[in-house]
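Input: a single structure, listed below in structure tokens.
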Amino acid sequence: MEVKDLKVSIAPQEVLELVWQQVSNAISAQFLDKYILETEQGTVAMGLFEKYYVRSSNRATLTVLATDFDGVTHVHLAAGGGGQGAIFRFDWGAGGNFVELAENALRQYMLE
């Protein structure tokens with residue numbers, strides 16, 4: 001499992017759109033689900049993506065969670081499910097690659 005936290009200068013909904021634009025360029029990628037909740041305190045946007053990785057002979061998932069409760073959009077990226085076997089769960093770098101795809105989509109908007 002690969003996890004990364006970022007701060008970006010765009011709205012949570014835009015985070016999901018940009019990540020999907022980047023991920024959809026890859027073969028066998030799907031946007032499985034999204035959930036957006038707008039409140040007086042800010043917005044929560046969650047996206048779930050899936051992609052097949054030949055190197056691990058399995059599908060990996062990427063969960064993107066973006067919130068802007070304090071005026072800055074915080075993004076949490078978590079990839080998993082790309083491992084082979086019931087015991088070792090070694091994914092041959094598929095999770096890291098999936099997180100990297102999302103991170104690259106947001107790179108120009110990153111803060112800090």
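Each reported figure results from applying straightforward, stated rules to the coordinates on display, with no laboratory input. This one's a predicted model, so the numbers in the text were calculated from it and none came from an experiment. A quick note on method: Cβ atoms are made from the backbone with ideal geometry, for glycine too, and the neighbour counts reach across all protein chains shown.
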Review point. Taking R0 as 22 Å, what's the FRET efficiency between residue 39 and residue 107 from their Cβ-Cβ distance, rounded to 0.05?
Key: 0.20
Check your understanding: What lysines sit close enough to residue 51 to cross-link, taking a C-alpha to C-alpha distance under 22 Å and skipping anything fewer than 8 places away on the same chain?
Key -> 4, 34
